[in-house]
């Protein structure tokens, strides 16, 4: 469902065609009502808080990963229980069943991963797995930040092994307060 500011005059043929193709609903909100901006402001605030939590939970990632955290929010947000939806998740409302978390490839943002390089090993004695961090999804691929040069790569989920138990590469910095 996509909520639009203003009245139905903002809905054009260009907006209706993808809505029909991808089966989502365009819902205009009454012009001038407090709800007009309230829905968007709450959604933006929720997304920012979740992205901030991702980045605080992954202190080993560079600050440039902030955008990746924001992009990953949309995948995680589909699986969070919403009181406004009667205690159901948006995924459950849309698809009418509970999701398979493994199939959706929802992992802890910033967790350690090993993956196969796209080019393969240089010789028979080369390492076949490369280390990195999980930084999101771009279905059907997994986004991984390589350790050596911090390059973000799209890899098939079949070639990525996550290690969520070994979450942070570098432990949290000590504050020195007891």
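Read the figures in this text as sums done on the coordinates, not as results from a lab. All of these numbers come straight from a predicted model, not from anything done at the bench. As a convention, Cβ positions derive from the backbone with ideal geometry for all residues, glycine included, and neighbour counts pool all protein chains shown.
Observations, loosely collected:
- Take the Cβ atoms of residue 41 and residue 164, set R0 to 25 Å, and the FRET efficiency comes out at 0.15.
- Potential extension, residue 16-residue 83 segment - 0.36 nm per residue separation minus Cα distance: 21.2 nm
- Multiplying the residue separation of residue 100 and residue 49 by 0.36 nm and removing their Cα-Cα distance gives an extension gain of 15.9 nm.
- Protection proxy ranking for 97-103, 66-72, using the average of other Cβ atoms within 10 Å per residue and placing the highest first: 66-72, 97-103.
- Most to least packed among 51-59, 20-28, 87-95 [average Cβ atoms within 10 Å]: 51-59, 87-95, 20-28
- Arranged from fewest to most other beta-carbon atoms within 10 Å of their beta carbon, 1, 153 become 1, 153.
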